[in-house]
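The values are calculated or read from the model by the stated rules, or taken from the named source; none is laboratory data. Here the structure is a predicted model, which means the values were calculated and not measured. Heads up, the Cβs are rebuilt from the backbone with ideal geometry, glycines too, and the neighbour counts pull from every protein chain shown. Remember, those area values only see protein heavy atoms, side chains included, never the ligands or the DNA or RNA. Shrake-Rupley method; radii C 1.70, N 1.55, O 1.52, S 1.80 Å.
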Amino acid sequence: MPTIDLERAEEVERRHQLLAAHLKNRGDDALLLRQPSNIAWLTCGGEVRRPGTDQPIAAVFVTCEARVILCHAVDAPFLFEHQLVGLGFQAKERPWEEDPEVLIRDLCRGRRVASDTPHPDHRNAMPELRDFRCQLVDSELVKLRQLGRHLAHAVEATAKTFDHRETEAEVAGQVAHRLLRHGITPVQIQVIADGRGRRLRHWGFSQQPVERSCVVSAIGRRDGLHCGVARTVCFGQPLPGLLDEHQQAGLVMASAIYFSQAGWELRETWQRVQRIYEKFGVGDEWRASDQGQVTGYEMQEVRVVPDCPYRLSAATPIYWHPSVHTAALGDTIVVHGESTEQVTRPEDWPKLVVHVKGTQVPVPDVLCRESSFNADGRT
């Protein structure tokens, strides 16, 4: 029989009371949650997507007195026996053939309802719900650290062991396999080989073989939380320019990590990041791709853009992933009161140690593996 996590149940009750107080302050009667990220936050990691898909199978109707799962009867066993055991949720089930909107309309009728999904009759509650989601507690940080270790291991182990001239798609499959073994859902996987990232920063993967080098990156989700990491590997000596570009991106990365400080607005951090790009003669490179995002229950809670006014607070996770031409790095950090913590910090991997304001910041270097190339470039 599934055991009840009392600590989790207490935290779910605390979050329900936070929402109840918020409803009273806003004069709302109820809150309708349909986004999996918001439901995962309220349930402390509950998954309401149909297994193996991204299809939501439930909504949550919250009042000051109750929290109710709205779902089809066919999905109730998965939800209440595997995701929400002992968490104090009531259930309203309907046959699978009935449109779920019928039940939702019945519950909302005659009530002032806030919702996390645009609806002409409901108040938009999306901005305040993001603020709730981004306030991670200690138990969530523990889960994020575990996720970060497993994610970094999956990417690094793949980069160390895939065979020369395997295709990008084959490498991506190995990353996905390692993630799924640890219960991590692959949200994004990129394998960008042989300089393709110079023009295609958001490339996924293809049937082209990895000849000289590649960037392997992944974003994974577990317990509702997201985390990202990226590593670079080459066969034989790196092509001219790769190490210089990687070092420049590493300097940007270290500065982004150091200046992600509690109490700062993201645009203040951005000014330091942009200055490093300019200082090392690659001032336009930040325009080629996005540089980072506040992450958490959404893969991208807040976009890092030059004028972003979002103020960082303690326990805020950020996935930084700067790039310079063909070089790219990526690590997830957590902002603390007086420091930052790298939850995907490279361990058994080459490191580039950067000194920022007297502080050593380790970032991932390029892993050079033996090549099957001869001196004349033939195998």
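Here are some notes:
- Solvent-accessible ranking of Phe280, Phe78, largest area first, probe 1.4 Å: Phe280, Phe78
- Over the chain, volume per residue of the alpha carbon convex hull, in Å³: 156
- Amide H to amide H distances under 5 Å link Gly296 with His226, Glu301, where only residues 5 or more positions off or on other chains count and H is placed in the peptide plane.
- Between Asp163 and Asp307, the distance separating the two model label sites (each 7 Å from Cα on the Cα→Cβ line) works out to 5.3 nm.
- Cross-link partners of Lys160 among lysines, defined as those whose alpha carbon lies under 17 angstrom from its own and excluding same-chain residues fewer than eight positions apart: Lys351.
- Take every Cα pair under 8 Å whose residues are at least 6 apart in sequence, average their separation, divide by the length of region 78-188, and the relative contact order is 12 percent.
- Arg275 paired with His202, simple spin-label distance in nm, labels 7 Å along Cα-to-beta-carbon: 3.0
- Ser339 accessible area, 1.4 Å probe, all protein chains in place, Å² to nearest 10: 60
- Virtual spin-label span in nm between Gln188 and Arg26, 7 Å along Cα→Cβ: 2.8
- Share of carbon and sulfur in the accessible heavy-atom surface of the chain [1.4 Å probe, %]: 48
- Centroid-to-centroid, using Cα positions, region 100-118 and region 251-276 are 42 Å apart.
- Compared with the dominant Cα axis of the chain, that is its longest principal axis, helix 266-279 is turned about 10°.
- Helical mean residue ellipticity (222 nm; -39500 (n - 2.57) per DSSP H run of 4+; nearest 500) of the chain: -9500 deg cm²/dmol
- In this structure the amide hydrogen of Thr316, modeled in the peptide plane, comes within under 5 Å of the amide hydrogens of Val335, none closer than 5 places in sequence on its chain.
- When both region 44-88 and region 133-196 are represented by their alpha-carbon centers, they are found 27 Å apart.
- Segments 39-47, 56-64 sorted - mean Cβ within 10 Å per residue, highest first: 39-47, 56-64
- Proximal charge balance of Cys308 [Cβ under 9 Å; K/R count +1, D/E count -1]: 0
- Relative contact order of the chain, pairs being alpha-carbon contacts under 8 Å that are 6 or more residues apart, as %: 14
- Heavy-atom accessible area order for Glu338, Glu347, Glu81, Glu265, largest first, 1.4 Å probe: Glu338, Glu347, Glu81, Glu265
- If you sort Asp75, Asp54 by accessible surface, 1.4 Å probe, largest first, the order is Asp54, Asp75.
- Neighbour net charge for Thr359 - beta-carbon separation under 15 angstrom, K R +1, D E -1: +2
- On a per residue basis, region 161-314 carries 43 Å² of accessible surface, using protein heavy atoms and a 1.4 Å probe.
- Distance violations [Cα-Cα > 27 Å] among Lys279/Lys357; Lys24/Lys143; Lys143/Lys279; Lys143/Lys357: Lys24/Lys143; Lys143/Lys279; Lys143/Lys357
- All other residues whose Cβ lies under 9 angstrom from that of Arg130 are scored, Lys and Arg at +1 and Asp and Glu at -1, for a net of -3.
- A cut-off of 5 Å between modelled amide H atoms, ignoring neighbours fewer than 5 places along the same chain, links Val343 with Thr332, Ile333, Val334.
- Rounded to the nearest Hz, the phi-derived 3J(HN,Hα) couplings of region 171-185 under the Karplus curve 6.51 cos²θ - 1.76 cosθ + 1.60 (θ = phi - 60°) are 5, 4, x, 5, 4, 4, 4, 5, 5, 4, 4, 9, x, 9, 7, where x marks glycine and proline.
- In the context of the full set of protein chains, residues of region 1-124 present 53 Å² of accessible surface per residue (probe radius 1.4 Å, heavy atoms only).
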